[in-house]
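Report on the structure given below.
The values are calculated or read from the model by the stated rules, or taken from the named source; none is laboratory data. Please read all numbers here as calculations on a predicted model, not as lab measurements. Backbone-built Cβ (ideal geometry, glycine too); neighbour counts: all protein chains shown. Just the protein is used for accessible areas: all its heavy atoms, side chains included, with ligands, DNA and RNA removed. Shrake-Rupley method; radii C 1.70, N 1.55, O 1.52, S 1.80 Å.
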Amino acid sequence: MKILALDIGGTAIKAGITDGTGKIFDLKEYETNAKNGGPYVMQKAIEIAKSYEDFEAIGISTTGQVDSKKGVIVYANENVPNYTGMDVKAIFENEFHVPVSVENDVNCAAIGETHYGAGRNHNDLLCITYGTGIGGAIIVNRQIYGGSKGLAGEFGHIITHPDGKLCACGQHGCYEQYASTTALVRAAKEYREDLTSGRIIFAEWQKGDEKIKEIVDNWIDEIVFGLVTLIHIFNPSALILGGGILSEPYVADGVNTRIYSKVMDSYSNFEIARAEMKNTAGLLGAAHIAYKNLNQ
Ligand SMILES: [Zn+2]
């Protein structure tokens, strides 16, 4: 069975064909040019899809909040203007006359990791990605737990600091205002203006600036606060953490050592793993969802 997988991201649209074995064939990648808006992005994705033949279903991973039951973009921020409300499923089904599944990109990557990557030995796990914000996905019995509208897993907006920093969501003190890479950089820049990225922060620390260590240590604590909350809610057997900065051994080790001392003993049967799949997790996850929907 051939499934066309599309991964519509803010910077790139990726595409490939899968056969359900965890491999991607004929991988292609194009710039999204998202600033041109949702209708443009849809047209571009359709053109890319037309360059493939003989697929029996389409699985789409996309940026934005997705009502996965309807295949509609519920909300997309200003990075892709006029994408909110887009009926992605109907647009592609009208064009290609095959079943189409649409799911949020964080959820697709989580399904990819669960079935083909770091989560392969786990049934119940959480995927959390630290970047500009914090993305999350809940996997229960190897499937996405979506909640009533498919929107579950917005871990970035757990409130860890009531009366804290204002978040784009309108609340104060959200987890991502303290534990995202953006939050680390913001804290570092308050100390030294030249510390403008995670990479620079760690490079400068290597030169012996101990104040940077303090900033990083505080940030690791913030990461752990949120994770401890999540572990007590979901009792997962694995946490799969993503985001470039977490590949720093000091950060990974710091999260590992601090988290077990803060979790109740009865919940400590979890392991922490790094996301393994870089480019293809979203595509493979989108294809897996499409395949499963076909066989329901
Ligand atoms: Zn928020």
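Can you name every residue in segment 256-270 that is modelled with pLDDT of 95 or more and touching a strand residue (DSSP E or B) at 6+ places or on another chain (Cβ under 8 Å)?
Within segment 256-270, I259, F270 meet the criteria.
Condition check ((1) out of contact with any His (no Cβ under 7 Å at 6 or more places or on another chain); (2) hydroxyl-bearing (S, T, Y); (3) on the phi < 0 side of the Ramachandran plot; (4) at pLDDT 95 or above) across all residues:
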| residue | (1), (2), (3), (4) |
| --- | --- |
| L4 | yes, no, yes, yes |
| G9 | yes, no, yes, no |
| I13 | yes, no, yes, yes |
| G20 | yes, no, no, no |
| L27 | yes, no, yes, yes |
| G38 | yes, no, yes, yes |
| I46 | yes, no, yes, yes |
| I60 | yes, no, yes, yes |
| G64 | yes, no, no, no |
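Can you tell me which condition E47 does not meet? The list is (1) open to solvent by less than 10 Å² (accessible area, probe 1.4 Å); (2) of a type outside the set (S, T, Y); (3) outside any loop (DSSP other than H, G, I, E, B), and all the others hold.
(1)
Name the residue, out of I91, I128, that is over 17 Å from G150 (Cβ atoms) and open to solvent by less than 30 Å² (accessible area, probe 1.4 Å).
I128
Given the conditions (1) within 12 Å of the ligand (Cβ to nearest atom); (2) open to solvent by less than 30 Å² (accessible area, probe 1.4 Å), and given that G136 satisfies all but one, which numbered condition is not satisfied?
(1)
Check every one of the helices (runs of 4 or more DSSP H) wholly within segment 208-296 and list those with 1 or more residues that are without any contact (Cβ under 8 Å) to a residue 12 or more places away in the chain and farther than 30 Å from A12 by Cα.
Correct list: 210-234, 249-262.
Filter segment 139-189 down to residues that are among the β-branched types (V, I, T) and more than 14 Å from the ligand (Cβ to nearest atom) and give me whichever is most open to solvent (accessible area, probe 1.4 Å).
Once the filter is applied, the top-ranked residue is V140.
All but one of (1) out of contact with any helix residue (DSSP H, G or I) (no Cβ under 8 Å at 6 or more places or on another chain); (2) free of Cβ contacts under 8 Å to residues at least 60 places away in the same chain; (3) surrounded by fewer than 15 Cβ atoms within 10 Å (Cβ to Cβ) hold for D194, so report the exception by its number.
Tallying (1) out of contact with any helix residue (DSSP H, G or I) (no Cβ under 8 Å at 6 or more places or on another chain); (2) free of Cβ contacts under 8 Å to residues at least 60 places away in the same chain; (3) surrounded by fewer than 15 Cβ atoms within 10 Å (Cβ to Cβ), D194 fails exactly one: (1).
Could you tell me whether segment 106-116 includes any residue that is in contact with a helix residue (DSSP H, G or I) (Cβ under 6 Å, 6 or more places away or on another chain), among the charged types (D, E, K, R) and open to solvent by 20 Å² or more (accessible area, probe 1.4 Å)?
no
Test I233 against the criterion of being closer than 16 Å to G131 by Cβ, away from the ligand (no atom under 16 Å from the Cβ) and open to solvent by 10 Å² or more (accessible area, probe 1.4 Å), and give yes or no.
Criteria not met by I233.
Limited to segment 13-27, what total is found for residues that are open to solvent by 20 Å² or more (accessible area, probe 1.4 Å) and either among the hydrophobic types (A, V, I, L, M, F, W, C) or touching a Pro at 6+ places or on another chain (Cβ under 8 Å) (or both)?
3
Please go through segment 163-191 and pick out each residue that is among the β-branched types (V, I, T) and without any contact (Cβ under 8 Å) to a residue 24 or more places away in the chain.
The one that is among the β-branched types (V, I, T) and without any contact (Cβ under 8 Å) to a residue 24 or more places away in the chain: V185.
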